[in-house]
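So the structure is just underneath, and the comments pick up after that.
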Amino acid sequence: MSRIGKQPITVPSGVQASVNNGEFKVKGPKGELTVPFNSELTVAVDGGTITVTRPSDQPRHRALHGLTRTLVANAVKGVSEGYTINMELKGVGYRAKLAGKNIELTIGYSHPVIMEPPAGITFAVPEPTKLSITGIDKQLVGQTAANLRKVRKPDVYHGKGVRYAGEQIALKAGKAGATGGKGKK
């Protein structure tokens, strides 16, 4: 039984929600989002609450019930508060700076890496080794952060690279027990 799907979503003040033809539209102070959902489910907007109901207890409907409710809740929160992911750069000489809307990363390659933000995403660089990704679509913010991290994943031996703020990297020991090239023949 889906416990997440049964929970009603409260609509904050200043947010308008509507449903038509398998699409949930929400508009708030930060922007506007559209969430498509399966036509077998029912999304109802009643004043200040939104409820998602399923037609049966089939495993498929139960899975879609919780998923749809979560996607709708994320859209409501996105247009009212927005989402931010903070990232940090670790390594000697690693730094980031804004070049217009784009972000320019100096992360150990022979050239700076320039990343362009997708529509609806903004980059901020409060310090040269810290940056933040902000937007109203939770999925897009998370995917942009993952793409940025993929440019230079944290090294497992030294910990250098692009990582999420507060992310712990399990470092490997390296070759501390090696014989220094004077092994047995």
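The values are calculated or read from the model by the stated rules, or taken from the named source; none is laboratory data. Since the model is a prediction, treat every value here as computed from it, not as a measurement. Glycine also receives a Cβ, built like all others from the backbone with ideal geometry; neighbour counts cover every protein chain displayed. We work out accessible area using only protein heavy atoms, side chains counted, and drop any ligands, DNA or RNA first. Shrake-Rupley method; radii C 1.70, N 1.55, O 1.52, S 1.80 Å.
Being free of Cβ contacts under 8 Å to residues at least 24 places away in the same chain, within 24 Å of GLU32 (Cα to Cα) and either loosely packed, with under 12 Cβ neighbours inside 10 Å or touching a Phe, Trp or Tyr at 6+ places or on another chain (Cβ under 7 Å) (or both): is that true of ALA173 here? Here the answer is no, as ALA173 does not meet what is asked. Checking each residue in segment 96-105 for being under 13 Å from LEU148 (Cα atoms) and open to solvent by 20 Å² or more (accessible area, probe 1.4 Å) picks out ASN102, GLU104. Of TYR164, TYR157, all but one fail to be of a type in the set (Phe, Trp, Tyr) and either free of Cβ contacts under 8 Å to residues at least 24 places away in the same chain or exposed (fewer than 10 other Cβ atoms within 10 Å of the Cβ) (or both); the exception is TYR157.
When restricted to residues that are without any contact (Cβ under 8 Å) to a residue 24 or more places away in the chain and of a type in the set (A, V, I, L, M), segment 94-118 contains 2. Against the numbered list (1) within 19 Å of the chain's Cα centre (by Cα); (2) more than 30 Å from LEU131 (Cα to Cα); (3) without any contact (Cβ under 8 Å) to a residue 60 or more places away in the chain, ASN38 comes up short only at (1). Whether a residue is surrounded by 12 or more Cβ atoms within 10 Å (Cβ to Cβ), free of Cβ contacts under 8 Å to residues at least 40 places away in the same chain and part of a helix (DSSP H, G or I) was assessed, and LEU64 passes this test.
Checking GLY100, GLY180, GLY120 one by one, the residue that is over 30 Å from VAL26 (Cα atoms) and at pLDDT below 95 is GLY180 and no other. Can you name the residue in segment 5-25 that is hydrophobic (A, V, I, L, M, F, W, C) and assigned to a strand (DSSP E or B) and, of all such residues, is surrounded by the most Cβ atoms within 10 Å (Cβ to Cβ)? So the residue we want is PHE24. Evaluated against (1) within 17 Å of the chain's Cα centre (by Cα); (2) of a type in the set (Lys, Arg); (3) under 21 Å from PRO8 (Cα atoms), ARG60 falls short on exactly one condition, (1).
Within segment 67-88, the set of residues being buried (at least 18 other Cβ atoms within 10 Å of the Cβ), in a strand (DSSP E or B) and out of contact with any Lys or Arg (no Cβ under 8 Å at 6 or more places or on another chain) comprises just one member, ILE85. Screening the candidates GLY120, GLY108 for the property of being under 27 Å from ILE4 (Cβ atoms) and surrounded by 12 or more Cβ atoms within 10 Å (Cβ to Cβ) yields one hit, GLY120. Condition test on GLY91, is it open to solvent by 20 Å² or more (accessible area, probe 1.4 Å), in contact (Cβ under 8 Å) with a residue 40 or more places away in the chain, touching an Asp or Glu at 6+ places or on another chain (Cβ under 9 Å) and closer than 30 Å to TYR157 by Cβ? In short, yes.
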